[in-house]
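The values are calculated or read from the model by the stated rules, or taken from the named source; none is laboratory data. Please read these numbers as outputs of a predicted model, since none were measured by experiment. Here Cβ is always computed from backbone atoms with ideal geometry, including for glycine, and neighbour counts include all displayed protein chains. Just the protein is used for accessible areas: all its heavy atoms, side chains included, with ligands, DNA and RNA removed. Shrake-Rupley method; radii C 1.70, N 1.55, O 1.52, S 1.80 Å.
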Amino acid sequence: MKVLKFGGTSVGSVENMHNVKNIISDGDKKVVVLSAMSGTTNHLVAIAQAIELGNPSDAIDKINNLHETYFKTIDSLLTDAHLIVDVKNYVSSVFEFLLECTNKSCSKTLENKILAQGELLSTYIFNSFLKQEGISATLLPALDFMRTDAFNEPDIDSIKVNLERLISDGKGSEIYITQGFICLDDEGQISNLQRGGSDYTATIIGAAIKAEEVQIWTDIDGMHNNDPRYVENTSAISNLSFEEAAELAYFGAKILHPQTVTPVRKDSIPVRLKNTMKPEAHGTLISKSTSENGIKAIAAKDNITAIKIKSARMLQAHGFLKKVFEIFETYQTSIDMITTSEVAVSLTIDDDKNLESIITELEKIALIEVDTNQSIVCLVGHSVVNHQDTYKLFQILQDVKIRMISYGGSKNNISLLIDSKDKINTLQKLNDYLFELVTL
Ligand code: ASP
């Protein structure tokens, strides 16, 4: 059995929903994971924010606008009169619920319930569309099986048991449709797997049912070797190892949720990235096999804060780093990059929620300097640190002000920390020279 996940754009227009229908109706048994229609989750976030800011009339306007958009989509997608009534009733019940939320105070639980509506809407609408097209599918409610534990990690054992039961209840069905992103937490409350979490849903399901393959269908033909939003002349990478894909997803390649490959890596279940609008394109295959050495891709992660921790007492003192790390541990803040000298250590974090408290604690043991608006540029490839062309990197970057560099932490990654204002220029330069569009 395969797991196919379709992102927001893939279910965001009538034309693309027809493409999805064609892709999934090949007669093979599969689980289809859907995101919310494009723009919906952002809209729901804005509604929750308006409620939180005590601005119910703004929230109501936003709800009514979204309601109208959904009715227009239904009118252009569906032709069967009974189905149109049924789907509009369901959609209206969702918008009724959202309107009721505007009278409440916005707790985290309420916000999560609001955010969950996008995937509930897209799966209901798409399942009805399949019905109209004569394709039989079974809707698997994600909230009946997708659970996280007390550490916010997927509770694979419980997911496996419940999913197997639900799949065997729907015996004979070729297509199972389910919601990405949403789940129940360890207390049974509606929660989610963070923005972009439908990719993660797909690989969690893939691991739970030991799928033959997980496919992530988006609006781009695979993972590109640089960020196409900022850089010209990027191209799709045909093969990546799990390690390379994990580094790229974590360090900024927006096409994948950072945790995507984690669940499937252990069982070496391949993940294929495909383009819904161009199904014939090869896309990117992420698997356990590694291909040629050298720099394969560049990605950048923004909103990074660098902290320099300087202590004269660090000189030949042991235990200093332990104290530093304990402070980050206390505030549950993970560290991305780290470099040390005899008297100072510089590190980066991307979650600055507890920055003030962390600084207060660190100032008790050292002198602290903080730089915000930094970006990590990450160069990924198999055995990249050993490749004979890697020296070029230092020639290329002569003119770039590098704040930190991490080389050798893993064979597959070299990371640079730069000021975010230099990011686009740095990415373009690296692209031109490393991928030999221009020679040095
Ligand atoms: N709908 C959610 C989001 O926009 C999850 C997803 O699309 O993967 O973040």
Fill in: In the stretch 125-179, the trypsin sites (Lys or Arg not before Pro) that fall in loop regions by DSSP, at most 10 other Cβ within 10 Å
Lys171
Fill in: 3J(HN,Hα) from dihedral phi, the stretch 57-69, Karplus parametrisation 6.51/-1.76/1.60, rounded to Hz, x for glycine, proline
5, 5, 4, 4, 4, 5, 5, 5, 4, 5, 4, 4, 4
Worksheet item: Highest GNM mean-square fluctuation, the chain, Cα pairs closer than 10 Å: which of Gln398, Gln189, Gln215?
Response: Gln398
Fill in: Rounded tilt (10° steps) of 156-169 against the dominant C-alpha axis of the chain
20 degrees
Item to complete: Mind giving me the nanometre distance, one decimal, between the label points for Gln49 and Met1, set 7 Å out from Cα along Cα→Cβ?
Response: 3.9 nm
Response to the item:
Full extension between Asn22 and Ser235 adds, at 0.36 nm per residue less the Cα distance, a length in nm of 74.1 nm
Item to complete: Run the dipole for the stretch 120-173 about the Cα centre, Lys and Arg Cβ at +1, Asp and Glu Cβ at -1, nothing else charged, and hand back the magnitude in debye, nearest 20.
Response: 260 debye
Worksheet item: Taking all protein chains as present, what is the carbon and sulfur share of the accessible area of the stretch 282-440, in % to the nearest whole number, probe 1.4 Å?
Response: 48 percent
Worksheet item: Over all directions, what mean area does the Cα convex hull of the chain project, stated in square nanometres?
Response: 23.3 nm²
Discussion item. For the stretch 344-438, what does the accessible surface come to per residue with a 1.4 Å probe? Please give it in Å².
Written reply: 48 Å²
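Can you pull the percent of the stretch 109-148's accessible area that's carbon plus sulfur, 1.4 Å probe, other chains left in place? Provide the component values of the computation, followed by the final result.
Details: 540 of 1200 Å².
The value for the stretch 109-148 is 45 percent carbon and sulfur by accessible area.
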Item to complete: Could you please state how large a percent of the accessible area of the stretch 12-62 is carbon and sulfur, counting protein chains only and using a 1.4 Å probe?
Response: 45 percent
Response to the item:
Amide H neighbours of Ile286 at under 5 Å, excluding residues fewer than 5 places away on the same chain, with H built from the backbone geometry, are Leu240, Val271, Arg272, Leu273
Worksheet item: Peptides 338-347, 277-286, 119-128: what's the order by average Cβ count within 10 Å, highest mean first?
Response: 119-128, 277-286, 338-347
Item to complete: Please report Rg over Rh for the stretch 1-63, where both radii come from the alpha carbon positions and Rh follows the Kirkwood definition.
Response: 1.20
Discussion item. Can you list residues from other chains, or at least 5 along the same chain, whose modelled amide H is less than 5 Å from the amide H of Met146?
Written reply: Leu184
Worksheet entry | Antiparallel content of DSSP bridges confined to the chain, in %, to 5 | 60 percent
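Quick one: accessible area per residue over the stretch 1-147, 1.4 Å probe, rounded to a whole number of Å²?
Details: 6170 Å² over 147 residues.
Solvent-accessible surface per residue comes out at 42 Å².
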Worksheet item: Separation of the stretch 362-426 and the stretch 1-59 by C-alpha centroid, Å?
Response: 35 Å
Worksheet item: Once you sort the root eigenvalues of the Cα gyration tensor of the stretch 38-80 as a ≥ b ≥ c, which label holds: rounded (a/c under 1.5), prolate (a/b larger than b/c) or oblate (the other case)?
Response: prolate
Discussion item. Output wanted: per-residue J couplings in Hz (rounded whole) for the stretch 102-114, from phi through Karplus 6.51 cos²θ - 1.76 cosθ + 1.60, θ = phi - 60°, x for Gly and Pro.
Written reply: 5, 8, 9, 8, 7, 8, 4, 5, 5, 4, 5, 5, 4
Worksheet item: What is the Cα coordinate range of the stretch 335-440 on the first, second and third principal axes, sorted by size from largest, in whole angstrom?
Response: 50, 27, 22
Item to complete: Restrict the search to the stretch 378-407; then list the trypsin sites (Lys or Arg not before Pro) that DSSP places in a loop and that have at most 15 other Cβ atoms within 10 Å of their Cβ.
Response: Lys401
Worksheet item: In whole Å, what are the Cα extents of the stretch 143-211 along the three principal axes, biggest one first?
Response: 35, 22, 20
Worksheet entry | Pair-distance profile P(r), taking every C-alpha pair of the stretch 201-353, with 5 angstrom steps and integer % | 2, 8, 15, 16, 14, 12, 11, 9, 6, 4, 1, 0, 0
Discussion item. Taking the 0 to 90 degree range and rounding to the nearest ten, how far is the long axis of helix 198-208 tilted relative to the main principal axis of the chain, both from C-alpha atoms?
Written reply: 80 degrees
Response to the item:
Here the tail fraction of P(r) beyond 16 Å, over all Cα-Cα pairs of the stretch 49-155, rounds in percent to 65 percent
Discussion item. I'd like to know how the stretch 128-260 sits against the 2.2 N^0.38 Å rule of thumb: what's its Cα Rg over that expected value?
Written reply: 1.18
